[in-house]
Amino acid sequence: MTATFQTVDPFDLVIFGGTGDLALRKLLPALFHRFIDGQIPAGSRIVGVAREPLDDAGYRAQLRASMAGGSRDETKLDTFLQQVFYRPLDARKDEGWDAFAALIGEQSKHIRVFYLSTSPELFEDICRRLGQCGLNGEHSRVVLEKPIGRDLASANRINDAVGKVFAESQTYRIDHYLGKETVQNLLALRFGNALFEPLWNASHIDHVQITVAETLGLGRRAGYYDRAGALRDMVQNHLLQLLCMVAMEPPASLSPDAVRDEKLKVLRSLKHIDGSNAAQLTVRGQYRAGVAEGQSVPGYQDELEGAKSDTETFVALKAEIANWRWAGVPFYLRTGKRLPERVSEIVVAFKPVPHSIFGTSAGPLAQNRLVLRLQPDEGVKLWLTIKDPGPGGLRLRHMPLDMSFAEAFGVAQPDAYERLLLDVVRGNPTLFMRRDEVEAAWRWADPILAAWAESGEAPRPYAAGTWGPSAAVALIERDGRTWLEDSE
């Protein structure tokens with residue numbers, strides 16, 4: 001059976017921060033790919049908004065330069081760009097808003113999506129002005145990019161400010177990891193197969209590892225990143241959301257609130273990490289000069305032009321979920337910059353066979369593992385013990401049943417933003433965070449940040465191109481386990 005694309009109604013999608021890195025590198029290309037597949041109806045408009053003094057032609061030229069090359073169809077790109085417009089606006093100044101409101105008002109029946117790809121400090125100003133212009137009607141939605149605040153208090157201030165203009169049902173807090181194909185397949189694997197769900201508990205699972213590793217350094221994000229750090233930037237949102245998808249109970253259905261209710265239960269069941277145990281359960285690091293992707297690279301503070309900073313670029317921690325399904329099962333989370341590989345994956349390690357009947361000459365029995373790789377090559381591996389073919393006795397080997405989505409289905413996997421942007425247009429919030437999820441995540445993360453601040457200890461150094469500080473290895477190996485960098 002061939003899958004068909006779901007159609008959407010005509011819409012206006014406005015990107016605040018339309019000249020920024022996220023818009024140029026992810027959002028506009030994602031919309032172009034949906035245009036190629038016929039999912040953007042005629043008459044729909046994409047409007048970039050930023051402070052740069054550009055006009056429509058100038059913005060289209062900028063997009064053409066950033067999106068040109070490769071195998072792109074230039075004729076289709078030309079057609080797509082005719083649906084793209086630009087308006088210069090400053091969120092904190094009055095000039096231009098009346099004209100902007102008039103432009104959006106030209107299509108009063110269109111669904112309106114306002115994507116806030118800006119600093120969170122501007123969310124309140126933008127939403128207030130959208131409300132003053134009457135652009136927050138029932139067919140309007142607002143998309144909030146992470147990070148939503150620096151802690152629970154600031155997240156509540158942002159959510160309160162947005163909530164004065166847009167109802168919770170109109171507010172989409174985006175985490176693009178939830179749009180990745182492998183994360184969607186985690187639901188299908190767990191709840192669509194009789195093989196896994198009966199084993200998906202503390203009686204059969206030894207531990208879970210979640211790794212999100214980057215080879216890049218600061219790039220253009222230095223100003224933001226040095227104020228945030230790896231825990232705020234990655235753990236509080238991306239990694240916790242992945243943990244929720246692994247650990248949640250079966251929802252009654254795939255309705256938005258049914259799924260999000262179960263994720264919320266997981267967040268509220270996380271054991272506290274605070275000043276009493278943070279030293280034993282967390283490791284924070286900061287990269288020094290080293291070698292990444294075959295080239296010498298500077299250290300973090302060198303990239304900050306020598307400014308002293310105690311911001312962590314690496315975090316490893318051991319989390320536990322205090323409920324019946326997961327009691328005693330550790331979840332090891334790890335993320336960092338300037339690591340050896342760009343890889344995001346979830347490893348579910350099952351408990352070892354209690355007794356081997358094969359004898360020592362056959363070799364050791366390795367644990368079964370289910371590996372879900374989110375990037376760079378999305379797919380699923382199930383590691384099994386089998387007999388090595390051939391005569392001369394029985395020899396055991398640990399081999400994977402390996403399914404690459406690209407190879408299995410013969411099509412390129414869509415970027416997460418392609419799915420999520422059109423889900424907003426459809427009004428489907430299933431893959432977006434509800435306010436109470438954000439609050440629960442911050443309630444768990446805040447005590448960790450406070451414990452680090454109170455300890456006064458600097459992040460542990462690690463050389464760029466390595467897997468973080470040695471303490472991260474000790475964190476898992478003192479439990480008799482090891483990090484599985486290559487899933488071998």
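Structure notes:
To keep it simple, each residue is scored yes or no on (1) without any contact (Cβ under 8 Å) to a residue 40 or more places away in the chain; (2) of a type outside the set (Val, Ile, Thr); (3) farther than 24 Å from Asp175 by Cα.
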site	(1), (2), (3)
Glu345	no, yes, no
Phe350	no, yes, yes
Gln367	no, yes, yes
Asp377	yes, yes, no
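- If you go through region 339-378 and keep only what is within 30 Å of Leu216 (Cβ to Cβ) and at pLDDT below 85, you end up with Gln375, Pro376, Asp377, Glu378.
- Hits in region 288-312 - residues which are among the acidic types (Asp, Glu) and buried (at least 19 other Cβ atoms within 10 Å of the Cβ): Glu303, Glu312
- Number of the condition not met by Val315 [criteria: (1) open to solvent by less than 20 Å² (accessible area, probe 1.4 Å); (2) in a loop (DSSP other than H, G, I, E, B); (3) of a type in the set (A, V, I, L, M)]: (2)
- Count - residues of region 19-47 that are small (Gly, Ala, Ser) and surrounded by fewer than 15 Cβ atoms within 10 Å (Cβ to Cβ): 3
- Residue in region 452-472 that is open to solvent by 30 Å² or more (accessible area, probe 1.4 Å), touching a residue at least 12 places away in the same chain (Cβ under 8 Å), of a type in the set (D, E, K, R) and within 22 Å of Thr282 (Cα to Cα) present: yes
- Restricted to strands (runs of 3 or more DSSP E) entirely inside region 66-168, those with at least 1 residues that are more than 21 Å from Arg51 (Cβ to Cβ), among the charged types (D, E, K, R) and touching a helix residue (DSSP H, G or I) at 6+ places or on another chain (Cβ under 8 Å) are 111-116, 140-144.
- Some residue of region 134-152 being in contact with a Ser or Thr (Cβ under 7 Å, 6 or more places away or on another chain) and charged (D, E, K, R): yes
- Counting only strands (runs of 3 or more DSSP E) wholly contained in region 337-442, the ones carrying 1 or more residues that are among the β-branched types (Val, Ile, Thr) and either surrounded by fewer than 19 Cβ atoms within 10 Å (Cβ to Cβ) or on the phi > 0 side of the Ramachandran plot (or both) occupy 379-387.
- Selection count where residues are of a type in the set (D, E, K, R) and either within 29 Å of the chain's Cα centre (by Cα) or buried (at least 20 other Cβ atoms within 10 Å of the Cβ) (or both), scope region 88-128: 6
- Scan region 48-73 for residues that are in contact with a Gly (Cβ under 9 Å, 6 or more places away or on another chain), closer than 21 Å to Glu95 by Cα and open to solvent by less than 30 Å² (accessible area, probe 1.4 Å) and the total you get is 4.
- Of the strands (runs of 3 or more DSSP E) lying entirely inside region 264-303, those containing at least 3 residues that are more than 18 Å from Trp452 (Cβ to Cβ) and touching a Gly at 6+ places or on another chain (Cβ under 8 Å) are 290-292.
- Pairs, first more than 18 Å from Arg112 (Cβ to Cβ) and among the hydrophobic types (A, V, I, L, M, F, W, C) in region 13-33, second open to solvent by 30 Å² or more (accessible area, probe 1.4 Å) and outside any helix (DSSP H, G or I), C-beta under 9 Å, six or more apart: Ala30/Pro414; Ala30/Asp415; Phe32/Arg72
- Only residues that are farther than 18 Å from Ala445 by Cα, open to solvent by 40 Å² or more (accessible area, probe 1.4 Å) and modelled with pLDDT of 95 or more were counted across region 251-287, and they come to 1.
- If you filter region 130-144 down to residues that are in contact with a Lys or Arg (Cβ under 9 Å, 6 or more places away or on another chain) and open to solvent by 20 Å² or more (accessible area, probe 1.4 Å), you find that the one that is nearest to Tyr417 (Cα to Cα) is Arg141.
- Residue match in region 187-204 (condition: open to solvent by less than 50 Å² (accessible area, probe 1.4 Å), touching a residue at least 40 places away in the same chain (Cβ under 8 Å) and either in a strand (DSSP E or B) or small (Gly, Ala, Ser) (or both)): yes
- Inter-residue pairs, beta-carbon under 8 Å, first within 22 Å of Leu254 (Cα to Cα) and modelled with pLDDT under 95 and in region 427-450, second open to solvent by 10 Å² or more (accessible area, probe 1.4 Å) and among the hydroxyl-bearing types (Ser, Thr, Tyr), 6+ apart: Pro429/Ser169; Thr430/Ser255
- Where Tyr332 falls short, out of the listed (1) assigned to a strand (DSSP E or B); (2) of a type outside the set (A, V, I, L, M, F, W, C); (3) surrounded by fewer than 20 Cβ atoms within 10 Å (Cβ to Cβ): (3)
The values are calculated or read from the model by the stated rules, or taken from the named source; none is laboratory data. None of the values given here were measured: they were computed from a predicted structure. Reconstructed Cβ throughout: ideal geometry from the backbone, glycine too, with neighbour counts over all protein chains shown. These accessible areas exclude ligands, DNA and RNA; they are computed on the full protein's heavy atoms, side chains included. Shrake-Rupley method; radii C 1.70, N 1.55, O 1.52, S 1.80 Å.
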